[in-house]
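Colleague: Let me begin by handing over the structure; questions about it come next.
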Amino acid sequence: MKKKVSIIHYHYIKGGVTSVINNISNSLFREYEIHLYGSKKMGIDGIQNLLNKENIIFHDVPELKYLYKDELTQEDFYSYKSKIKKYLLDNVDFDSIIWVHNYNLGKNPPFTEAIIEIALEKEIKILFQIHDFPECGRINNLSFLNKYISNSLYPVDKNIYYITINKGDLKRLIQAGIPETKIFYLPNAINTKKENFKKQEERKKITNKIEDTCLIKKDDLLLLYPVRTIRRKNILEAALINIIVEKSFLFVTLPSNSQKEKKYEKIVKDVFKNDKIRGLWAVSKKYKGIYNNLIRGCDLFFSSSVLEGFGLIFLESKKYNKNFYVREIDIVQDFKKIPKHSYYSSLKIKLDDRMKDNLIKKYRNYLNMIDLNKKGKEILKEDINKKIDKDIVDFSYLDVENQWKILNKKNFREIKELNGEIEKNIQKLSNEYLKQGIELDNFSLEKNTQRIQDIVMKIKKDTGAVRKQRDKRIDKSLLKSFLKIEYYRLLLNY
């Protein structure tokens, strides 16, 4: 009889986490019986191809759906937790491995508490894969968890293991107190097989498809931002860069798919009606099939995102023999050989005293509202003074209303002069292909399969004891590591 690997996530909607789960399942199903647990009602369209395979079984657990702070009562919490815990204990084999994704994100506190209790009470080996941290720009999610959960989110015991998808988070967990023997690095993967295509033919297809909306000129630089319209993607900044970079044409691919992002989406949609912006928003929704033309026919992959768990844009650009130009964020550290002209650290904006004072006031009001202790708020106030209380600030630190106002200015000469390096690098990278320090083979599906199988084998064989840790020292250390204003931008709270 085959050993089992039980994979748990809230849903299996097409997207980043679901693609990771597909890779894990495809890597293991020949040797293991794979059991997938999640809410069918939330969506399982991203795993339909898996469910046709032998040894892969789906379990519908309705209680694993997303829950919301204003809807969950204390009574509901205990009811959901009890049902989830009982179902898992009744169905999961104790000699299997449980592989849990984003349990810590504050999407369902009863599930978080249930799975941590199972990890602490039973001998079963549990692997917590962290794609994102609630401590990082999601303070309301962390507050939701803290309202109900007494246990540490990051306990240490002989049967508990962790996975991160980037090296920065790996280092962060180790520094917080997770033993190195209990943590693994598993970057995301893509199909690295390159395609044959002619860029100019694809460009012509793009031009023909959008000719009813706008005209692409022969010497335009086509910048592709492959992204959903959500706040952390910082799309208004991309629009401003489009304005100050001559002959650039910006494609933003998708609208939002979340009700929480609709307010931000409305602003972005409105901004793209501005005559000064040469580009199209939500182009993949309007023109079916155009995305395949864009990835082949564009001149440059672009990103202004302020928070990312993984550098997918680096890999996808190289698969299609394109360069990338991105905002510098933590994930750049995973790719040590990326040359500096491949990213920008800020988009400089000059503020008058009134605008600056107003911005500082908004940040301080925001800090007073969030669920954070006094010491944490003092650390953030110091960072505000250092990064915002000055004449020239980074555009991404502005609140969305002021970003919108700047984009509706009549004259952009000053902004263009302050950010000349951005235009220079975009022009260069759009016209001259460079490897940019990316080793594509390190992120292939084959390499990913090998990593996954190695991780499972190591966990199966591991008998090493560790000092148990069940208090919240690691939680406090992790929270402190994220006490920087870049993780508390007003943009993320819009």
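The values are calculated or read from the model by the stated rules, or taken from the named source; none is laboratory data. Nothing here was measured: the structure is a model prediction, and the numbers come from that model. With ideal geometry, Cβ positions are generated from the backbone for all residues, glycine too; neighbour counts draw on all protein chains shown.
Colleague: Answer yes if at least one residue in segment 469-485 is within 22 Å of Ile329 (Cα to Cα), among the charged types (D, E, K, R), assigned by TED's automatic domain parsing to the domain that holds Leu222 and not in a loop (DSSP other than H, G, I, E, B), and no otherwise.
Modeller: Kept after step one, since they are within 22 Å of Ile329 (Cα to Cα), are these residues of segment 469-485: 477-485.
Keeping just the survivors that are among the charged types (D, E, K, R) gives 480, 484.
Still in the running and assigned by TED's automatic domain parsing to the domain that holds Leu222: none.
Within segment 469-485, not a single residue is within 22 Å of Ile329 (Cα to Cα), among the charged types (D, E, K, R), assigned by TED's automatic domain parsing to the domain that holds Leu222 and not in a loop (DSSP other than H, G, I, E, B).
Colleague: Would you mention how many residues in segment 8-45 are under 16 Å from Ile98 (Cα atoms) and either of a type in the set (D, E, K, R) or not assigned by TED's automatic domain parsing to the domain that holds Ile56 (or both)?
Modeller: Counting residues in segment 8-45 that are under 16 Å from Ile98 (Cα atoms) and either of a type in the set (D, E, K, R) or not assigned by TED's automatic domain parsing to the domain that holds Ile56 (or both) gives 2.
Colleague: Okay, moving on. Restricted to segment 103-141, and to residues that are of a type in the set (Phe, Trp, Tyr) and farther than 23 Å from Ile329 by Cβ, which residue is farthest from the chain's Cα centre (by Cα)? Walk me through how you get there before you give the answer.
Modeller: Initial filter on segment 103-141 (of a type in the set (Phe, Trp, Tyr)): 103, 111, 128, 133.
Checking which are farther than 23 Å from Ile329 by Cβ leaves us with 103, 111, 128.
Details: Tyr103: 15, Phe111: 21, Phe128: 17 Å.
Filtering first and then ranking leaves Phe111.
Colleague: Lys377: surrounded by 13 or more Cβ atoms within 10 Å (Cβ to Cβ), without any contact (Cβ under 8 Å) to a residue 60 or more places away in the chain and not assigned by TED's automatic domain parsing to the domain that holds Asn166, yes or no?
Modeller: Values: surrounded by 13 or more Cβ atoms within 10 Å (Cβ to Cβ): yes; without any contact (Cβ under 8 Å) to a residue 60 or more places away in the chain: yes; not assigned by TED's automatic domain parsing to the domain that holds Asn166: yes.
Considered against the rule, which asks whether it is surrounded by 13 or more Cβ atoms within 10 Å (Cβ to Cβ), without any contact (Cβ under 8 Å) to a residue 60 or more places away in the chain and not assigned by TED's automatic domain parsing to the domain that holds Asn166, Lys377 comes out as yes.
Colleague: Pull up segment 23-69, narrow it to residues that are among the acidic types (Asp, Glu) and either surrounded by 18 or more Cβ atoms within 10 Å (Cβ to Cβ) or within 17 Å of Val5 (Cβ to Cβ) (or both), then point me to the one that is modelled with the lowest pLDDT.
Modeller: Initial filter on segment 23-69 (among the acidic types (Asp, Glu)): 31, 33, 45, 54, 60, 63.
Still in the list and also either surrounded by 18 or more Cβ atoms within 10 Å (Cβ to Cβ) or within 17 Å of Val5 (Cβ to Cβ) (or both): 31, 33, 54, 63.
Values: Glu31: 92, Glu33: 94, Glu54: 88, Glu63: 96.
Applying the filter and picking the extreme gives Glu54.
Colleague: While we're on this one: Given the options Ile452, Ile422, name the one that is touching a residue at least 12 places away in the same chain (Cβ under 8 Å) and under 24 Å from Tyr225 (Cβ atoms).
Modeller: Result of the check over Ile452, Ile422: Ile422.
Colleague: Looking at (1) surrounded by fewer than 15 Cβ atoms within 10 Å (Cβ to Cβ); (2) part of a loop (DSSP other than H, G, I, E, B), find the lone condition where Ser82 falls short.
Modeller: (2)
Colleague: Conditions first: (1) surrounded by fewer than 23 Cβ atoms within 10 Å (Cβ to Cβ); (2) aliphatic (A, V, I, L, M); (3) touching a strand residue (DSSP E or B) at 6+ places or on another chain (Cβ under 6 Å). Leu89 passes all but one, so which condition is the exception?
Modeller: (3)
Colleague: Hey, can you tell me all the residues within segment 147-191 that are buried (at least 18 other Cβ atoms within 10 Å of the Cβ), more than 22 Å from Ile7 (Cβ to Cβ) and touching a strand residue (DSSP E or B) at 6+ places or on another chain (Cβ under 7 Å)?
Modeller: Of everything in segment 147-191, just one residue is buried (at least 18 other Cβ atoms within 10 Å of the Cβ), more than 22 Å from Ile7 (Cβ to Cβ) and touching a strand residue (DSSP E or B) at 6+ places or on another chain (Cβ under 7 Å), namely Val156.
Colleague: Still on this structure: Would a scan of segment 297-320 turn up a residue that is exposed (fewer than 15 other Cβ atoms within 10 Å of the Cβ) and touching a residue at least 60 places away in the same chain (Cβ under 8 Å)?
Modeller: No: zero hits.
Colleague: Could you tell me whether Glu237 is in a helix (DSSP H, G or I), under 20 Å from Ile329 (Cβ atoms) and either of a type in the set (Gly, Ala, Ser) or in contact with a Leu (Cβ under 9 Å, 6 or more places away or on another chain) (or both)?
Modeller: yes
Colleague: Go through segment 323-361 and report how many residues are assigned to a helix (DSSP H, G or I), of a type in the set (S, T, N, Q) and crowded, with 19+ Cβ neighbours inside 10 Å.
Modeller: 1
Colleague: Across segment 278-289, what is the total count of residues that are closer than 19 Å to Ser256 by Cβ and in contact with a helix residue (DSSP H, G or I) (Cβ under 8 Å, 6 or more places away or on another chain)?
Modeller: The number of residues fulfilling the criteria is 7.
Colleague: Does segment 136-148 contain any residue that is in a strand (DSSP E or B) and either in the same structural domain as Glu113 (by TED's automatic domain parsing) or within 25 Å of Thr463 (Cβ to Cβ) (or both)?
Modeller: Taking every residue of segment 136-148 in turn, none turns out to be in a strand (DSSP E or B) and either in the same structural domain as Glu113 (by TED's automatic domain parsing) or within 25 Å of Thr463 (Cβ to Cβ) (or both).
Colleague: Would you be able to tell me the number of residues in segment 424-438 that are in contact with a helix residue (DSSP H, G or I) (Cβ under 9 Å, 6 or more places away or on another chain) and surrounded by fewer than 16 Cβ atoms within 10 Å (Cβ to Cβ)?
Modeller: Result for segment 424-438: 5.
Colleague: Hey, among the residues in segment 85-102 that are modelled with pLDDT of 95 or more and either in a loop (DSSP other than H, G, I, E, B) or among the hydroxyl-bearing types (Ser, Thr, Tyr) (or both), which one's farthest from the chain's Cα centre (by Cα)?
Modeller: Tyr87
Colleague: For segment 240-260, what are the residues that are within 25 Å of Asn425 (Cα to Cα), in a loop (DSSP other than H, G, I, E, B) and in contact with a helix residue (DSSP H, G or I) (Cβ under 8 Å, 6 or more places away or on another chain)?
Modeller: Val245, Glu246, Thr253, listed by residue number.
Colleague: Provide a single number: the residues in segment 306-349 that are at pLDDT 95 or above and in contact with a Cys (Cβ under 8 Å, 6 or more places away or on another chain).
Modeller: 1
Colleague: Search segment 337-363 for residues that are closer than 24 Å to Glu423 by Cβ and pair each with any residue that is exposed (fewer than 15 other Cβ atoms within 10 Å of the Cβ) and among the aliphatic types (A, V, I, L, M) when their beta-carbon atoms are under 6 Å apart and the residues are at least 6 apart or on different chains.
Modeller: Lys348/Ile392; Lys350/Ile392
Colleague: Exactly one condition in (1) part of a helix (DSSP H, G or I); (2) modelled with pLDDT of 95 or more; (3) among the hydrophobic types (A, V, I, L, M, F, W, C) is not met by Val17; state its number.
Modeller: (2)
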